[in-house]
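*Asks:* Input: one structure, supplied below.
The values are calculated or read from the model by the stated rules, or taken from the named source; none is laboratory data. Note that the structure is predicted; figures quoted are calculated from it, not measured. All Cβ positions, glycine included, derive from the backbone under ideal geometry; neighbour counts span all protein chains shown. Side chains are part of the model used for accessible areas, which takes the heavy atoms of the whole protein and leaves out ligands, DNA and RNA. Shrake-Rupley method; radii C 1.70, N 1.55, O 1.52, S 1.80 Å.
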Amino acid sequence: MMPTDPPPAFEHASPLARALVTAAVQRIETAGALDDAAELRQAFAAQPTRAAQVQARAWLLGQRLGLPQELARWRLWGGWVALGLAVLVALAGLAAGRSVLAPDRSINAVAAFVSLLGLHALTLTVWLLGLLATLAGLHVRLGDWSLGRLALGLVARWPLDRGPHALELWRGFGAVMQRQRLWPWLTGLISHGIWTVAFVLTLAVLAFGFAFQTYRLSWQTTILSTEFFQHFVRVTGALPALLGFAVPDAQAVAQVGRAGAGFVPQAPGQREWAWWLMGSVAVYGLLPRALLALVSGWRWRAGVARLGGVDMADPEVQRIVRRLDALEPPPAVIDAEHPGGTDVAPAWPPAAPGAPDSRLVIGFELPSDVPWPLPMDPAAPPLRISGSQAERQRALQQLAATRPRSLLLLVHGAASPDRGTARFVREAASLAQRVALWPVGEDESGSERWREWLKSEGFDALALVDRAQSALDWIANGDATDA
């Protein structure tokens, strides 16, 4: 049955869910823009930054299209599909173990080694090649043959309760995974987890059979020599021996080769062969799969944590940002001709760019207890505005009149940037040739937070400085360029 719980609100949705719904809505809108007037206004009113507003709009549209419900369906059936595949592979491991323990209690040791580890080695090689191709930026579809990709594809195409936009969500999912290079880690987490379960069951079957039955392990050949099998056992047994598993020596290998001529090996030697076989399955099968499952899970979680951002340079995202900008209320100009304040659009006087070395420093919403961090420049006295609409307007009017070459904006580093900050920075940046932002009082981690905010708002052209000397150097570099 389809989950009946309502989908979570945008604020409670995971970064992965937000990214998938946003990608799916973008794919749906390639066929035509959706009617989103109400969702756009709701997102604009609820979220502080343009990036969050873009994602909130997509989430609200996705709720209307049933995309969060489709994700809930994926989570519900995904567990069952993965469990079913784990059971199938485990049964295959069980069958492999049972095939090794033949009814006549005679085991070809080398053939058993290949049958237990051959398919595992092939699929692991394919996954590793796909991982290397992904890390190299190549678009190779080797991952399509992995158990993880098979499980995900079955979940997306599962017919029960599938919504009308399930295919767009699956394609959006693939686009996000490809863009973030997460395909090998997600498919690896699923595939290696399934193989780990299968090898645990295989080892359990082998251990049970060897513990309570007597088996004769030997090798048989028509064209290969005894030295080949001695070398094979010595090489394959090197790593298991490091973990304490017994490995047959060269004499034991030569002895079991005569088993077909009526030679009956002694029990101690047979125990070494049994431990060699189980050690090989543990070291070359179970151990790498379990370790790779842990690494894949760790890389997957780290990758998902990076999914919170939006590509603000995307043309479709820019189209939505422009529509969000249009929802901003016009600035209020309060003067003697408009008592009480009247909302009017700013009319900047046309002006040529300022002098080559012109510059202006503005302290935006700096607390009164924060001292001015720069030496006073008589040629460019700074502005310090508290953030009121009248002060912002006067600052913008001065910018429009002077059009400085360099504009340095000082903000309170500990504060959280909001829509008002974004709007002032956007309007001020349009009136200067080069702009830098300095979060005063922030350390390196705080500056990184402001850097992410600049990126999320599309302020890629703005420089970010983190101390007084950097700010002075930035201004000096602009003056030197003009000179």
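*Asks:* Can you pull out the residues in the range 427-469 that are more than 21 Å from Ala415 (Cα to Cα) and either surrounded by 13 or more Cβ atoms within 10 Å (Cβ to Cβ) or of a type in the set (Gly, Ala, Ser) (or both)?
*Replies:* Ser430, Leu431, Ala432, Gln433, Arg434, Ala461 - these are the residues of the range 427-469 that are more than 21 Å from Ala415 (Cα to Cα) and either surrounded by 13 or more Cβ atoms within 10 Å (Cβ to Cβ) or of a type in the set (Gly, Ala, Ser) (or both).
*Asks:* Still on this structure: Collect the residues in the range 367-413 that are open to solvent by less than 70 Å² (accessible area, probe 1.4 Å), in a loop (DSSP other than H, G, I, E, B) and closer than 18 Å to Ala468 by Cα, keeping them in residue-number order.
*Replies:* Pro367, Val370, Trp372, Pro373, Leu374, Asp377, Ala380, Pro382, Gly413
*Asks:* Which residues, counting only those in the range 68-115, are modelled with pLDDT under 65, of a type in the set (D, E, K, R) and assigned to a helix (DSSP H, G or I)?
*Replies:* Arg98
*Asks:* Take the residues in the range 227-267 that are modelled with pLDDT of 80 or more and of a type in the set (D, E, K, R), then tell me which one is nearest to the chain's Cα centre (by Cα).
*Replies:* Here the residue is Arg234.
*Asks:* I've got another one for you. Filter the range 28-54 for residues that are among the polar types (S, T, N, Q) and open to solvent by 10 Å² or more (accessible area, probe 1.4 Å) and give the result.
*Replies:* If the condition is that a residue be among the polar types (S, T, N, Q) and open to solvent by 10 Å² or more (accessible area, probe 1.4 Å), then Thr30, Gln42, Gln47, Thr49 are the ones that fit.
*Asks:* Mind counting the residues in the range 171-220 that are more than 44 Å from the chain's Cα centre (by Cα) and open to solvent by 60 Å² or more (accessible area, probe 1.4 Å)?
*Replies:* Qualifying residue count, the range 171-220: 6.
*Asks:* Mind checking which pairs have a first residue in the range 170-192 that is among the small types (Gly, Ala, Ser) and a second that is not in a helix (DSSP H, G or I), Cβ under 9 Å, 6 or more apart or different chains?
*Replies:* Taking only residues 6 or more apart or on different chains, the pairs are Gly188/Ser146; Ser191/Ser146.
*Asks:* Which members of the range 8-27 meet the condition of being over 9 Å from Leu169 (Cα atoms), open to solvent by 20 Å² or more (accessible area, probe 1.4 Å) and part of a helix (DSSP H, G or I)?
*Replies:* Glu11, His12, Pro15, Leu16, Arg18, Gln26, listed by residue number.
*Asks:* Give the residues of the range 452-473 that are of a type in the set (D, E, K, R) and assigned to a helix (DSSP H, G or I), sorted by residue number.
*Replies:* Hits for the range 452-473 are Glu452, Lys455, Asp473.
*Asks:* Please name all residue pairs, on different chains or six or more residues apart, with Cβ atoms under 6 Å, provided the first residue is in the range 45-67 and is on the phi > 0 side of the Ramachandran plot and the second residue is open to solvent by 10 Å² or more (accessible area, probe 1.4 Å).
*Replies:* If the second residue must be open to solvent by 10 Å² or more (accessible area, probe 1.4 Å), the pairs left are Gly66/Gly163.
*Asks:* Checking Val435 against (1) touching a His at 6+ places or on another chain (Cβ under 8 Å); (2) modelled with pLDDT of 85 or more, which single condition isn't satisfied?
*Replies:* Evaluating Val435 over (1) touching a His at 6+ places or on another chain (Cβ under 8 Å); (2) modelled with pLDDT of 85 or more leaves (1) as the failure.
*Asks:* While we're on this one: I'm trying to understand the selection: among the residues of the range 119-146, which are open to solvent by 30 Å² or more (accessible area, probe 1.4 Å) and modelled with pLDDT of 80 or more?
*Replies:* Scanning the range 119-146 gives Leu119, Ala121, Leu122, Thr123, Thr125, Val126, Leu128, Leu129, Leu132.
*Asks:* Starting from the range 386-407, take each residue that is closer than 20 Å to Trp372 by Cβ and list its partners that are open to solvent by 10 Å² or more (accessible area, probe 1.4 Å) and among the charged types (D, E, K, R), counting only C-beta distances under 7 angstrom and pairs at least six apart or across chains.
*Replies:* Sorted first by the residue in the range 386-407, then by its partner, the pairs are Ser386/Glu365; Gly387/Glu365; Pro404/Arg359; Ser406/Arg359; Ser406/Arg434.
*Asks:* Same structure again: Scan the range 67-80 residue by residue and report those that are open to solvent by 10 Å² or more (accessible area, probe 1.4 Å) and closer than 13 Å to Leu20 by Cα.
*Replies:* Scanning the range 67-80 gives Gln69, Leu71, Ala72, Trp74.
*Asks:* Still on this structure, I have one more. Can you name the residue in the range 268-313 that is assigned to a helix (DSSP H, G or I), among the β-branched types (Val, Ile, Thr) and within 17 Å of the chain's Cα centre (by Cα) and is also nearest to Val110 (Cα to Cα) among such residues?
*Replies:* Val295
*Asks:* Is it the case that the range 401-409 has a residue that's under 22 Å from Ala476 (Cα atoms), modelled with pLDDT of 80 or more and of a type in the set (Ser, Thr, Tyr)?
*Replies:* Yes, some residue in the range 401-409 is under 22 Å from Ala476 (Cα atoms), modelled with pLDDT of 80 or more and of a type in the set (Ser, Thr, Tyr).
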